Amino acid sequence: MDNLNPNWEEYFTGCLVGLAVGDALGSATEGKGRQEIAEQFSGPLTDYQPRESLTLVAGHDEYEMPGLPAGSTTEDTFLALLHARSLINTGGKVEPLDFGPYFVEALNSKIEPFMGFTTRVSLLRARETGDFQAGLAEEHSAGNGVAVRIAPVGLMHVYGQYNRESFLADCERAARLTHNNPVAIAGGVAVATAVRLLCRHEIIPEDLMAAALDMLQPGYLGLPMAGNPMRQKLIVAQDYIEERQTLVDNVEANDLDVDFFRIDLNNLERCGTSGYAPETVAAAFYAFAARKDSFEEAVTLAINAGGDSDAIASITGALSGAYLGLSAIPERWRNGLLNYQEVLQVAKDLHKTVRSRELTDYAGLGI
């Protein structure tokens, strides 16, 4: 049984705390460009800063996001924790009738002003209809909302007998509360796959994009066999990682001095740093894979890329935390996170829930 149940609490806690840390760090640079960030902070941002109020545009509408104190998380962490708490409540089941009402209640919470357009409108509809699987499916609904909150679903499949169909079904149920767009769902599947594999250490970071591509088979969710935007962006990110490794080998062989931070920021820009799911996921995968041995370096890269930096950094933090564990997150970042103890406790409770579910499954099989 020990071989079936290694102590992975370090990686569960690393994943969710890493997500929250990345979110809180990146909130200060959201909506800014690389140059603007460098000028405002006199170089790369390396620690928590207050978030200024921000005016965003969604379609023809403008809306104001309020400022936040340094170390505060946004709706990305809040909604991810709602998923985690629902999994704890249900004993490890992705149950829309459980998590759906909690998400709807968030419309009356302090995080409502931070919600993306698709999430807000979908939850308003769900409140009226009671249908928690009818998220927006329009083309403009291919945002990153699913990808930034789905890590707990990936963690749920770390233990026990893995079943691909069950895994995909859970990801889709988690997504469809707000996003019925196949590109947005595919982004969630890619992140959940990465979290599961990295937590189990079944894959090296350089192969992460290939593993996600294997889950997103051509034609998945009716996406075109050719021209699938999520697959295209993951392939691009994989190419950039391979180019980077070739450069690293040349630098080491010839004792050259190269600014890899600038090169990595350039590659993040090439991946794209908008809130469009394929860009966000590709950028986060690149940031993690490029700085696979250092949580601090990976997240610092993500928060200085600009664009939808809190989303990119939250996914990067979740991936790095799942792979390196809680102890790899700098102590100053853990202590400076305003809701650190809350996130840590939810992660521990989720680990206990998923581990207990696995023990129950194996007992039922007579193992």
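The numbered conditions (1) open to solvent by less than 30 Å² (accessible area, probe 1.4 Å); (2) in contact (Cβ under 8 Å) with a residue 24 or more places away in the chain are all true for VAL251 except (2).
Go through the residues of the range 306-327 one by one and say whether even a single one is among the polar types (S, T, N, Q), open to solvent by 30 Å² or more (accessible area, probe 1.4 Å) and at pLDDT 95 or above. There is at least one residue in the range 306-327 that is among the polar types (S, T, N, Q), open to solvent by 30 Å² or more (accessible area, probe 1.4 Å) and at pLDDT 95 or above. With (1) under 23 Å from GLY317 (Cα atoms); (2) open to solvent by less than 40 Å² (accessible area, probe 1.4 Å); (3) over 21 Å from the mean Cα position of the chain (by Cα) as the list, and GLY91 as the residue in question, which single condition is left unmet? Condition (1) is where GLY91 drops out. Selection over the range 120-154 of residues that are open to solvent by 10 Å² or more (accessible area, probe 1.4 Å), more than 19 Å from LEU319 (Cβ to Cβ) and in a helix (DSSP H, G or I) gives a count of 9. Which residues, taken from the range 221-260, are more than 25 Å from the chain's Cα centre (by Cα), hydrophobic (A, V, I, L, M, F, W, C) and closer than 24 Å to ALA284 by Cβ? Matches in the range 221-260: LEU247, VAL248, VAL258. Being touching a residue at least 60 places away in the same chain (Cβ under 8 Å) and in contact with a Lys or Arg (Cβ under 6 Å, 6 or more places away or on another chain) is true of GLY306. Can you find even one residue in the range 353-361 that is under 27 Å from ASN181 (Cα atoms), open to solvent by 10 Å² or more (accessible area, probe 1.4 Å) and either small (Gly, Ala, Ser) or in a loop (DSSP other than H, G, I, E, B) (or both)? The answer is no; no qualifying residue exists. Scanning the range 13-42 for residues that are open to solvent by less than 10 Å² (accessible area, probe 1.4 Å) and within 12 Å of ILE303 (Cα to Cα) gives VAL21, GLY22, ASP23, ALA24, LEU25, GLY26, SER27, ALA28, THR29, ILE37. The set of residues in the range 155-181 that are under 13 Å from LEU216 (Cα atoms) and buried (at least 24 other Cβ atoms within 10 Å of the Cβ) contains only CYS171.
The values are calculated or read from the model by the stated rules, or taken from the named source; none is laboratory data. Everything quoted here is computed from the prediction, not taken from an experiment. FYI the Cβ positions are ideal-geometry reconstructions off the backbone, even for glycines, and counts take in every protein chain you see. For the accessible areas, the whole protein counts, side chains as well, though only heavy atoms, and no ligand, DNA or RNA atoms are used. Shrake-Rupley method; radii C 1.70, N 1.55, O 1.52, S 1.80 Å.
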